[in-house]
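As structure tokens, the structure follows; a few thoughts come after it.
The values are calculated or read from the model by the stated rules, or taken from the named source; none is laboratory data. This one's a predicted model, so the numbers in the text were calculated from it and none came from an experiment. Cβ coordinates were reconstructed from backbone atoms using ideal geometry, including for glycine residues, and neighbour counts include every protein chain displayed. Just so you know, the surface numbers come from the protein's heavy atoms only, side chains and all, with ligands and any DNA or RNA stripped out. Shrake-Rupley method; radii C 1.70, N 1.55, O 1.52, S 1.80 Å.
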Amino acid sequence: MTKKKKQTIFTVIALITLVALFVGGYYFTSIANELGDLQKTGTDSPFYNLEKVDQESATEPPVWEGDEPVNVLLMGVDARGFSEGEIPRSDTMLVASINPVTKKISLFSLLRDTYVAVPEHGNNRLNTAITHGPNIAMQAASDLLGIPVQYYVYTDFQGFIKLVDAVGGVDFEVEKDLYYVSKADNHEYDIDLKQGMQHLDGEKALMYVRFRHDAMSDFSRTERQRDLLKAIADKLKTTTSIAKLPSILNEVNPYIDTNLKFNDIWKLASLGFQSSLQASEQIPPMNMLEEKKVGGAAVLAVKDSDELKAYVQEVLSTGETSEDAVSITKY
């Protein structure tokens, strides 16, 4: 696996987890207050009005003792045009697997158009699972990967913009001109970035990670997302950002929901401080996908679910994949 391939995968909601993973006991009281408010309950929860969601079970995950692998589903949504209480499909999905024994972290970027069995709701694209609640989304991701998913973190575009702005933006090299306009969105989220090194604020960073209007669409988008998240994570680890951590968390707090409790986040912070990134992979990899038509719409089907699960176990155990898989998943 190449060095670049092992860089962190982007996802909007991964950012709050990165905060927990990269910092320890700085400004404990202020940070504790903000982290404690990330777990939304009652009418503060984005899933409060969603039918068929057991709110108690959705906010009470299994107790993590800290000595077995923990897997967190990270979801980012585009909530534009949705009313309060409506749940949009997930725009980005990622599972972070953290092993407290080996001190290794593996990140799996899940292609949103993967056609899967959504528990209790038939077959559909993976990104529809969250519309039935976080428990269904976690189970769908678990069934796809073949590993238990115990926790989730959920946010939207605004949470990403707020975070990038809160850390003062990032210096980043845009690899080519990126341009796309949409009258349907009243040009609110038009994309216009020029090639070259530049300073990206929250709005421009969102343009970069959203762009998928080239030959490889979502496949190439995930590659760009990996690189930008690495830059944001590096910025979060700077002395200046650590000093501003309480205010950064305060900025993103309204846009985050999770079933991670304060003690669990603190355990992850301690574990993450001692851990290193082992692998960063697209799921399913290109050589395990095939395009199909379902109801006239194109979806991505997994050729062999057992082979995919074996691939995930290979990544988790060694951090390495076959040369064929790497060459195919690298665009």
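Listed here are the residues, each with its yes/no results for (1) farther than 30 Å from HIS187 by Cβ; (2) open to solvent by 60 Å² or more (accessible area, probe 1.4 Å); (3) touching an Asp or Glu at 6+ places or on another chain (Cβ under 9 Å); (4) in contact (Cβ under 8 Å) with a residue 40 or more places away in the chain.
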{"position": "MET93", "(1), (2), (3), (4)": "no, no, no, yes"}
{"position": "ALA96", "(1), (2), (3), (4)": "yes, no, no, yes"}
{"position": "TYR115", "(1), (2), (3), (4)": "yes, yes, no, yes"}
{"position": "PRO119", "(1), (2), (3), (4)": "yes, no, yes, no"}
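Quick one: is ASP113 modelled with pLDDT under 80 and not hydroxyl-bearing (Ser, Thr, Tyr)?
For ASP113, the condition - modelled with pLDDT under 80 and not hydroxyl-bearing (Ser, Thr, Tyr) - is not met.
Please indicate, with yes or no, whether at least one residue in the range 166-183 is surrounded by 15 or more Cβ atoms within 10 Å (Cβ to Cβ) and within 22 Å of MET286 (Cβ to Cβ).
No, that holds for no residue.
What are the pairs, 6+ residues apart or on separate chains, where a residue within the range 189-203 that is within 9 Å of ASP171 (Cα to Cα) has its Cβ under 7 Å from a residue that is open to solvent by 90 Å² or more (accessible area, probe 1.4 Å) and assigned to a strand (DSSP E or B)?
Correct list of pairs: MET197/ASP171; MET197/GLU173; HIS199/ASP171.
Okay, residues lined up against (1) over 21 Å from GLY122 (Cβ atoms); (2) among the polar types (S, T, N, Q); (3) assigned to a helix (DSSP H, G or I); (4) open to solvent by less than 50 Å² (accessible area, probe 1.4 Å):
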residue	(1), (2), (3), (4)
SER280	yes, yes, no, yes
LYS293	no, no, no, no
GLU307	yes, no, yes, no
VAL312	yes, no, yes, yes
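Out of ASN124, ASN186, I need the residue that is open to solvent by 20 Å² or more (accessible area, probe 1.4 Å) and over 24 Å from VAL95 (Cα atoms). Which one?
So the residue among ASN124, ASN186 that is open to solvent by 20 Å² or more (accessible area, probe 1.4 Å) and over 24 Å from VAL95 (Cα atoms) is ASN186.
Scan the range 268-278 for residues that are buried (at least 18 other Cβ atoms within 10 Å of the Cβ) and either in a helix (DSSP H, G or I) or modelled with pLDDT of 85 or more (or both) and jot them down.
LEU268, ALA269, LEU271, GLY272
Among the residues of the range 149-199, how many are within 30 Å of SER106 (Cβ to Cβ) and either of a type in the set (Asp, Glu) or in contact with a Pro (Cβ under 6 Å, 6 or more places away or on another chain) (or both)?
Selection size over the range 149-199: 8.
If a residue must be open to solvent by 10 Å² or more (accessible area, probe 1.4 Å) and either without any contact (Cβ under 8 Å) to a residue 12 or more places away in the chain or within 19 Å of ILE98 (Cβ to Cβ) (or both), how many such residues does the range 148-165 contain?
Here the count works out to 4.
Which is closer than 30 Å to HIS199 by Cα and either among the polar types (S, T, N, Q) or out of contact with any His (no Cβ under 9 Å at 6 or more places or on another chain) (or both), of ASP165, ASP171, ASP143, ASP113?
ASP165
So which pairs qualify, if the first residue must be in the range 169-181 and closer than 13 Å to VAL209 by Cα and among the hydrophobic types (A, V, I, L, M, F, W, C), the second must be outside any strand (DSSP E or B) and open to solvent by 80 Å² or more (accessible area, probe 1.4 Å), the Cβ gap must be under 7 Å, and the two must be at least 6 apart or on different chains?
VAL174/LYS194; VAL174/GLN195
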